[in-house]
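Remarks on the structure that follows.
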Amino acid sequence: MPKIVDHEQKRKLIAESAWKIIEEKGIEHASIRAVATAAGLSPGALRHYFSTQDELLLFIVDYYLTRGAARAAEGLVISHIPIKAAREILLQLLPMDAEKRTAVSVWWTFAIRSLTSLALQAKKDELTDGFHSLTKAALEILAQAQLLPSAVDIQLETLRLAALIEGLTILAMLRPELYTPETVEQIVIRQLQDLCARDTDGADDSRKTL
């Protein structure tokens, strides 16, 4: 009787083997041959599931970044204090621990390759749209709590805040001794305080408490 192969389970094994290599050695070492060896397959057998490295990278991103983000969102307990809730959402987007640093390194490689790979562009757009949605959600929490000046342009501030988060992500990866998790959090706090600053004399300083 022929052996029944669970292809989805095999793809999961390949993705987990690739992620382990990335965590231990860096994404540049996650070649088709290296991943096949780690998964106990021949390169030819692995290519049965992923014919190109782009296909493998797409699956890794989908398996770990997309599903991982969904799991994190489900388990995230957001504060009932609006400005703290906004901070918590934004910190989820930053490389605050080793696992997120690994995810960021994969995202960078994926994003750069998507510029020349049609196979990756749709997923790149999906992930960046999700990133902007979360950034906007943080601002909308503040707006609904009437912590933002009425004249604030939410769309523009979403883009500005997204640019800040992306910049912090890059610097936290390149200069971790300067942009420590504590420093990154303080920068996010200061940005939210500035956004919520009242330009009237009767400002309520308690709104700025994070």
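The values are calculated or read from the model by the stated rules, or taken from the named source; none is laboratory data. All of these numbers come straight from a predicted model, not from anything done at the bench. Cβ placement follows ideal geometry from the backbone for every residue including glycine, while neighbour counts extend to all protein chains displayed. Heavy atoms of the whole protein, side chains included, go into the accessibility calculation; ligands, DNA and RNA do not. Shrake-Rupley method; radii C 1.70, N 1.55, O 1.52, S 1.80 Å.
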Study note, to complete from the structure: Within segment 85-107, residues outside any helix (DSSP H, G or I) and under 13 Å from residue 171 (Cα atoms) come out as 94, 95, 96
**Study point:** residue 163 vs. criteria modelled with pLDDT under 95, assigned to a helix (DSSP H, G or I) and over 24 Å from residue 21 (Cα atoms)
**Key:** no
Check your understanding: In segment 109-125, what count of residues is obtained for those that are in contact (Cβ under 8 Å) with a residue 24 or more places away in the chain and open to solvent by 70 Å² or more (accessible area, probe 1.4 Å)?
Key -> 1
Study note, to complete from the structure: Counting only residues in segment 126-138 that are over 14 Å from residue 88 (Cβ atoms) and of a type in the set (A, V, I, L, M, F, W, C), the one surrounded by the fewest Cβ atoms within 10 Å (Cβ to Cβ) is identified as 131
Check your understanding: Which of the residues that make up segment 13-41 are in a loop (DSSP other than H, G, I, E, B) and loosely packed, with under 12 Cβ neighbours inside 10 Å?
Key -> 40
Check your understanding: Name the residues in segment 144-159 that are in contact with a helix residue (DSSP H, G or I) (Cβ under 9 Å, 6 or more places away or on another chain), open to solvent by 30 Å² or more (accessible area, probe 1.4 Å) and assigned to a helix (DSSP H, G or I), would you?
Key -> 144, 154, 155, 159
Review point. Picking from 138, 98, which residue would you name as being within 25 Å of residue 23 (Cα to Cα) and among the hydrophobic types (A, V, I, L, M, F, W, C)?
Key: 98
Practice item. Select from segment 88-127 the residues that are of a type outside the set (Val, Ile, Thr) and in contact with a Pro (Cβ under 6 Å, 6 or more places away or on another chain) and write down the one among them that is modelled with the lowest pLDDT. Key: 101
Review point. Does at least one position in segment 178-188 carry a residue that is open to solvent by 40 Å² or more (accessible area, probe 1.4 Å), at pLDDT 95 or above and either farther than 19 Å from residue 91 by Cα or not in a helix (DSSP H, G or I) (or both)?
Key: yes
Exercise for review: Would you check if there is a residue in segment 193-207 being part of a helix (DSSP H, G or I), at pLDDT 95 or above and either open to solvent by less than 40 Å² (accessible area, probe 1.4 Å) or under 30 Å from residue 53 (Cα atoms) (or both)?
Suggested key: no
Practice item. Report whether or not residue 46 is modelled with pLDDT of 85 or more, surrounded by 12 or more Cβ atoms within 10 Å (Cβ to Cβ) and among the aliphatic types (A, V, I, L, M). Key: yes
